[in-house]
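A quick write-up on the structure given underneath.
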Amino acid sequence: MGLIASVKRWHNKRTLKRGITALRNLDFLMMKRGLTRHDRRKFWVEFTKKIEVREQTFARIEKELGI
């Protein structure tokens, strides 16, 4: 394995880790807001299956952060 391949692997691993951390933080914030486990589970099922739900969620996050 060459240097470039190992750097790409390192970068992909780092990006994935950051994404997982962001999803965990989102779940934690939903829990702090008082959503039940059932409601959070329903959200994650829809989030993974429907692109409209993902796009709406990303739009709301961007709006709240002012991005």
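Some points to look at:
- Residue that is surrounded by the most Cβ atoms within 10 Å (Cβ to Cβ) [pool: residues in segment 17-38 that are under 10 Å from the mean Cα position of the chain (by Cα) and of a type outside the set (S, T, N, Q)]: 26
- Residue 4 being exposed (fewer than 10 other Cβ atoms within 10 Å of the Cβ), under 15 Å from the mean Cα position of the chain (by Cα) and not small (Gly, Ala, Ser): no
- Selection count, segment 50-67, where residues are surrounded by 10 or more Cβ atoms within 10 Å (Cβ to Cβ) and either out of contact with any Phe, Trp or Tyr (no Cβ under 8 Å at 6 or more places or on another chain) or touching a residue at least 40 places away in the same chain (Cβ under 8 Å) (or both): 8
- Condition met for residue 42 (among the basic types (Lys, Arg), surrounded by fewer than 10 Cβ atoms within 10 Å (Cβ to Cβ), assigned to a helix (DSSP H, G or I) and without any contact (Cβ under 8 Å) to a residue 24 or more places away in the chain): no
- The set of residues in segment 19-39 being assigned to a helix (DSSP H, G or I) and over 15 Å from residue 61 (Cβ atoms) consists of 20, 31, 32, 37, 38, 39.
Here, each number is a calculation from the coordinates, and none is a lab measurement. The model shown is predicted, which means the values in this text are computed figures rather than measured ones. All Cβ positions, even for glycine, are placed from backbone atoms using ideal geometry, and neighbour counts span all protein chains on display.
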